[in-house]
Amino acid sequence: MTLVPSLPPIDHAARVSAICADAVTTTLHTDLTDVRWLTGFNGSNGWAITRRDELIVGTDGRYGDKARVETAGTGATIVVEPRADRLHARLVELLGVAQVGLDASTVAHGTWMRLAADIDLVDQTSPLKRARRTKDVAEIARIAAAAACADAALADVEANLCGMTELEVRAELEYQMIRHGADDRSYDTIVASGPDHGARPHHGASRRTIVEGDTVIVDVGALVDGYHSDMTRSWVIGEATSQQREIYALVSMSQQAGLDAMRPGVRASDIDVACRNVFAEAGYLDWYIHGTGHGVGLDIHESPFHSPISTDVILADDVVTVEPGLYRGGFGGFRIEDLVHVTESGYRVLTHSPKRELN
């Protein structure tokens with residue numbers, strides 16, 4: 001049964017109008033996620049040009065009809081060329097001799113050099129990256145729907161972890177997410193079990209069978225209309241040891257500390273500090289080997305990033321994770337992660353799978 005409701009439309013025309021109305025220079029956008037956010041076009045090859053009151057989208061012959069349909073209503077001029085050299089020539093022709101802004105962080109060095117041979121490029125922070133940071137009602141609805149699909153899939157699989165291989169758990173979760181209405185998995189589902197695999201935060205999944213006494217980490221997310229969800233839950237199979245109980249309790253306390261700190265105006269690094277301090281005070285800081293969270297949207301990892309060196313500040317309508325964990329070879333590990341929508345007064349949790357008490 002699908003859990004994805006009728007979703008509010010995304011107003012790409014309003015986005016185009018806002019970006020182009022504010023344009024003071026000509027900007028080239030080659031990041032395909034940026035292009036999709038702005039125009040609605042979702043293809044594996046393409047670019048967009050924005051300048052005052054004008055949007056041009058270019059792609060190859062595979063995507064001509066798709067681009068016209070998906071950008072309908074935005075006022076975009078669609079340029080289609082079947083060959084890469086011709087598409088490049090049209091881009092150069094359309095840009096002319098004027099200086100063109102391009103965010104260097106969104107392109108490979110080789111691509112920049114190839115474009116710069118024919119175009120007067122200047123590095124410019126993408127206005128789309130800034131605009132994509134906070135989410136509107138339609139985006140949050142899609143992320144929440146994706147989270148609901150992952151919640152339902154985990155509820156279907158959770159009771160049967162013992163005796164399954166990590167790969168079997170991953171395959172079943174990904175099937176169940178689609179059955180519940182997701183378009184795809186958000187990323188390669190992580191199923192990390194036992195004293196070795198469980199100590200690897202991004203282990204993946206293997207043919208190892210989950211057995212009594214294992215710590216198990218499942219990091220799972222769904223994709224709905226291009227938008228991601230992200231969630232992690234952890235367990236001990238069977239009766240937990242005293243050390244397992246201690247470590248799990250610390251991870252739970254750390255995650256709650258991060259959530260309690262979440263509100264607009266807080267530095268992202270302070271979210272990390274709130275989680276990290278719990279581990280430091282208990283003497284387990286060296287078991288914490290990654291950052292505390294990140295933004296989620298059309299990309300699974302996007303700004304803001306909660307880490308000790310982050311310069312980001314939390315904004316209302318950010319959608320972010322809080323995901324501390326502790327890991328050690330020979331022990332395994334635990335991570336607890338929720339996806340939250342930052343509100344004017346705090347946050348709203350989007351992932352609702354229970355955080356089980358250990359037996």
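One table, with the values for the structure above:
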read-out	value
Test: residue in region 270-279 that is assigned to a helix (DSSP H, G or I), β-branched (Val, Ile, Thr) and under 30 Å from Leu128 (Cα atoms)	yes
Conditions (1) under 30 Å from Pro9 (Cβ atoms); (2) in contact (Cβ under 8 Å) with a residue 40 or more places away in the chain; (3) open to solvent by 30 Å² or more (accessible area, probe 1.4 Å); (4) of a type outside the set (A, V, I, L, M): number failed by Arg142	(3)
Segments classed as strands (runs of 3 or more DSSP E), wholly inside region 181-266, with at least 1 members that are among the basic types (Lys, Arg) and closer than 27 Å to Gly297 by Cα	231-236
Positions within region 329-354 being surrounded by fewer than 16 Cβ atoms within 10 Å (Cβ to Cβ) and part of a strand (DSSP E or B), in sequence order	Arg348, Val349
Region 283-303, subset assigned to a loop (DSSP other than H, G, I, E, B) and among the small types (Gly, Ala, Ser), residue surrounded by the most Cβ atoms within 10 Å (Cβ to Cβ)	Gly297
Test: residue in region 167-178 that is part of a helix (DSSP H, G or I), more than 22 Å from Ala48 (Cα to Cα), polar (S, T, N, Q) and touching a residue at least 24 places away in the same chain (Cβ under 8 Å)	yes
Filtered residue count, region 153-181, keeping only those that are open to solvent by 20 Å² or more (accessible area, probe 1.4 Å) and of a type in the set (A, V, I, L, M)	6
Residue in region 311-328 that is nearest to Val220 (Cα to Cα), counting only those that are open to solvent by less than 40 Å² (accessible area, probe 1.4 Å) and in a loop (DSSP other than H, G, I, E, B)	Glu323
Which listed residue is within 30 Å of Glu139 (Cα to Cα), open to solvent by 20 Å² or more (accessible area, probe 1.4 Å) and at pLDDT 95 or above, from Ala257, Ala249	Ala257
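The values are calculated or read from the model by the stated rules, or taken from the named source; none is laboratory data. Computed from a prediction, not measured in an experiment: that's the story for all the values here. Don't worry about glycine lacking a Cβ; one is built from the backbone with ideal geometry, like all the others, and counts go over all protein chains shown. Surface accessibility is based on the protein's heavy atoms, side chains included, excluding ligands, DNA and RNA. Shrake-Rupley method; radii C 1.70, N 1.55, O 1.52, S 1.80 Å.
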